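Notes to accompany the following structure.
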Amino acid sequence: MLARIISYGLSGIVGFPVTVEADITFGTISYETVGLPDNAVKESKERIHSAIRNSGFNYPNSKIVVNLAPADIRKEGSVYDLPIAIGILAANGEIPAKTAEEWMIVGELALDGSVRGIKGVLPIVIDACERGFKSFILPKENAVEASYIDGVTVIPVENLTDAALFLRGMKAIEPQPHSEWKALEGRHDSDFALIKGQQAAKRAAEVAVSGNHNMLMIGTPGSGKTMLARSIPSILPELTSEEALEITKIHSVAGILPNVGIVTERPFRSPHHSASIPSLVGGGAKALPGEISLAHYGVLFLDELPEFSKSALEALRQPLEDGFVTVTRAAARAQYPADFMLIAAMNPCPCGNFGSRVNQCRCNRFQIERYRNKISGPLLDRIDLHVEMTEVAYEDLSSKQEGETSAQIRERVNRTRQLQRERFAGEGIFFNSQMSAKMIKKYCKLTSDAEKLLELSFTKLNLSARAYNRIIKVARTISDMAGETDIGKASIAEALQYRSLDSKYWGNV
């Protein structure tokens, strides 16, 4: 007898339907899986055999052939355990085959028949909904994650027996209640009010967040670079439900979802400087997402930037420009979104005291040049704001005067970003940092004084074409913050100031 069960597979964060066909015929006792299964799928034979027997069902002593269609797409992982087991039971007459065909089923089986959670349930459910599937039987562990999607019926099962009895109509299982997404507030450990001094750096951070620009902080140890970076999430706008779902899809594939089943805060990823290229951009045998994709719609903080391997840093160039990364491996290929804000920090020299007002630098010219040259020119060009930070004065540290809170700064950031959303409605982008050269020409009108200043600075600062465009984008953000329609001289001057460190630190030492 033949039975068909609908299941689902994943390629990156994109799902595709898989028809599990189970056929039981008379002949030599055997079990064969076809349809480009990987080793995990092939090994499911023993898990399914034990799960069916230990759940009290009859395992057919016949020839069993399981086909995973379409046959030209590789099937990976343990997600097909439950649908294959249901297919075998349906083909054996223990479950109504017609009833089983009405449900989309995924799940991993343990030897005792219990159903374990899987990675990537949210992108599976979202893609399946877009294709018209509305009824799902999922592991109980993944039910909450799937319940955030409107208009679906999710039946959570703990074991194979529950699933079989439900499909027989012998056990009622209440569908998982629909969950409403809500952003969480006030959970940040750092606040801009706690940062003493560094007014210029705090201003630069507000500009960076307002236009979603990348920022590099250069300063002596203890000047507050890390504290400022860790405070940036506190001034980021709240997540929207659409952003939360897209972030959750990536985190679901990576298997790092929180207990609530969905992401409620913008991600802040801070990998160690020993991180490899695959851990940063994604990779491994299954082409899993890396740190840059896990930071999607959030912040990627790279502390001690020159300590990262040069090859790892250069691998960031394409995602910074395009907003996505394509991971290609021998057995898998996946594309992940990577629209993150890069915040990087570094010392001015190996000992950290170059330019210090307190401590003397111990490095020679060669050591300083070698240290700074780990950051290539093309990578620097993709970082919009370069900010210098020096030691905080005692008067600032001991001051009892409260600075601006993150909540106050966040209000201004929200206004500026709302202005950009209205400006770029229908353009397919949301921030000034995402503007193409054509959009810059359309939306960035400079006053005559601003044009003259930029022209004069272009040659003096030896700017590249990319740096030129990024200066205009930053100036557009500064003008938006000030409520100005055209980009004035003051906005260009401030934007140029954020590029002046190129010549100071990467010019003559």
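The values are calculated or read from the model by the stated rules, or taken from the named source; none is laboratory data. Bear in mind the structure is a predicted one, so any value in this text is a computation, not a measurement. Neighbour counts run over all protein chains shown; Cβ positions are idealised from the backbone, glycine included. We work out accessible area using only protein heavy atoms, side chains counted, and drop any ligands, DNA or RNA first. Shrake-Rupley method; radii C 1.70, N 1.55, O 1.52, S 1.80 Å.
Report the one residue of Pro348, Gly15, Ile250 whose Cα lies farthest in the direction of the positive end of the charge dipole of the chain (charges on C-beta: Lys and Arg +1, Asp and Glu -1; origin at the Cα centre).
Working it through, the farthest residue towards the positive pole turns out to be Pro348.
State to the nearest 20 debye the size of the charge dipole of the chain about its Cα centre, where the only charges are +1 on K and R beta carbons and -1 on D and E beta carbons.
Rounded to the nearest 20 debye, it is 1340 debye.
Using R₀ = 56 Å, calculate the FRET efficiency as 1/(1 + (r/R₀)^6) where r is the Cβ-Cβ separation of Ser399 and Thr25; round to 0.05.
0.10
What does the charge dipole of segment 137-187 about its Cα centre add up to, to the nearest 20 debye, if the Cβ of each Lys and Arg holds +1 and the Cβ of each Asp and Glu holds -1?
Charge dipole of segment 137-187: 140 debye, to the nearest 20.
By per-residue mean of other Cβ atoms within 10 Å, what is the highest-first order of 24-36, 132-144?
The most tightly packed comes first, giving 132-144, 24-36.
Could I have the simple spin-label model distance between Glu46 and Ser309, label points 7 Å from Cα toward Cβ, reported in nm to one decimal?
The answer from the label model is 3.5 nm.
Give the angle, between 0 and 90 degrees and rounded to the nearest 10, that separates the Cα long axis of helix 199-211 from the longest principal axis of the Cα atoms of the chain.
Helix 199-211 and the main axis of the chain meet at about 40 degrees.
Counting DSSP beta bridges in segment 256-376, what percent are antiparallel, to the nearest 5?
50 percent
Using a Förster distance of 56 angstrom, determine the FRET efficiency expected from the C-beta separation of Lys460 and Lys182, and round it to 0.05.
In this case the efficiency is close to 0.65.
What list of ³J(HN,Hα) couplings, whole Hz, do you get for segment 281-298 from phi and the Karplus terms 6.51, -1.76, 1.60, once you set θ to phi - 60° and write x for glycine and proline?
Per residue, the Karplus-derived 3J(HN,Hα) values read 9, x, x, x, 4, 9, 6, 7, x, x, 4, 5, 7, 5, 8, 3, 6, x Hz.
Report the gain in length on full extension from Gln367 to Ala493: 0.36 nm times residue separation, minus Cα-Cα distance, nm rounded to one decimal.
Here the segment from Gln367 to Ala493 would lengthen by 42.1 nm.
If amide H atoms are built 1.01 Å from N in the plane of the peptide, which residues on other chains or at least 5 residues away come under 5 Å of the amide H of Asn159?
Residues meeting the amide H criterion: Val115.
Tally Lys/Arg at +1 and Asp/Glu at -1 over every other residue whose Cβ is under 15 Å from the Cβ of Ala40; what's the total?
Here the count lands on +2.
Could you tell me how many degrees, from 0 to 90 and to the nearest 10, lie between the Cα long axis of helix 406-423 and the main elongation axis, the longest principal axis, of the Cα atoms of the chain?
Approximately 80 degrees, to the nearest 10.
Which whole-number percent is the relative contact order of segment 22-63 (Cα, under 8 Å, 6+ apart)?
Relative CO of segment 22-63 lands at 67 percent.
Give me the distance in nm between label points sitting 7 Å out from Cα along the Cα-to-Cβ direction at Ala69 and Ala425, one decimal.
4.7 nm
Can you compute the charge dipole magnitude of segment 33-143 about its Cα centre, using +1 on each Lys and Arg Cβ and -1 on each Asp and Glu Cβ, nothing else charged? Give it in debye, rounded to the nearest 20.
120 debye
Give me Rg over Rh for the chain, both radii from the alpha carbons and Rh done the Kirkwood way, two decimal places.
Looking at the chain, the ratio lands at 1.08.
FRET efficiency for Ala482 and Val14, Cβ-Cβ distance as r, R0 = 45 Å, nearest 0.05?
With R0 = 45 Å, the Cβ-Cβ based efficiency is 0.60.
Under 5 Å between amide hydrogens, which residues at least 5 positions from Tyr31 or on another chain qualify, with H placed 1.01 Å from N in the peptide plane?
Close amide H contacts, sequence-distant or interchain: Ile64.
Taking Rh as the Kirkwood radius, which is the inverse of the mean 1/r over Cα pairs, what is the Rg/Rh value for segment 194-272?
Over the Cα atoms of segment 194-272, Rg/Rh equals 1.04.
Tell me, what is the percent relative contact order of segment 418-509, built from C-alpha pairs under 8 Å that lie six or more residues apart?
Computed value for segment 418-509: 31 percent relative contact order.
As a test of the formula, what do you get for the chain when each DSSP H run with n ≥ 4 contributes -39,500 (n - 2.57) and the sum is divided by the residue count, at 222 nm and rounded to the nearest 500 deg cm²/dmol?
Helix contribution divided over all residues of the chain: -11000 deg cm²/dmol.
Mind listing the long-range amide H neighbours of Tyr148? Cut-off is under 5 Å, sequence gap 5 or more, other chains count too, H placed in the peptide plane at 1.01 Å from N.
Ser179
In what sequence, highest mean first, do 68-76, 12-20 appear when ranked by Cβ atoms within 10 angstrom?
12-20, 68-76
Which of Thr220, Leu300, Ile124 sits farthest toward the positive end of the charge dipole of the chain, with +1 on the Cβ of Lys and Arg and -1 on the Cβ of Asp and Glu?
Thr220
In Å, what is the Rg of the alpha-carbon atoms in segment 43-93, and how long is Dmax?
11.4, 35
What accessible area per residue, rounded to a whole number of Å², is obtained for the chain using a probe radius of 1.4 Å?
Per residue, the chain has 45 Å² of solvent-accessible surface.
In percent, what relative contact order does the chain have, based on Cα pairs under 8 Å that are 6 or more apart in sequence?
Value for the chain: 13 percent.
First compute the accessible area of the chain with a 1.4 Å probe, then give the percent of it belonging to carbon and sulfur atoms.
Carbon plus sulfur share of accessible area: 49 percent.
Can you say what percent of the DSSP beta bridges in the chain, counting only those with both residues inside, are antiparallel? Round to 5.
So the antiparallel bridges amount to about 45 percent of the total.
Could you give the angle, 0 to 90 degrees to the nearest 10, between helix 448-460's Cα long axis and the longest principal axis of the Cα atoms of the chain?
90 degrees
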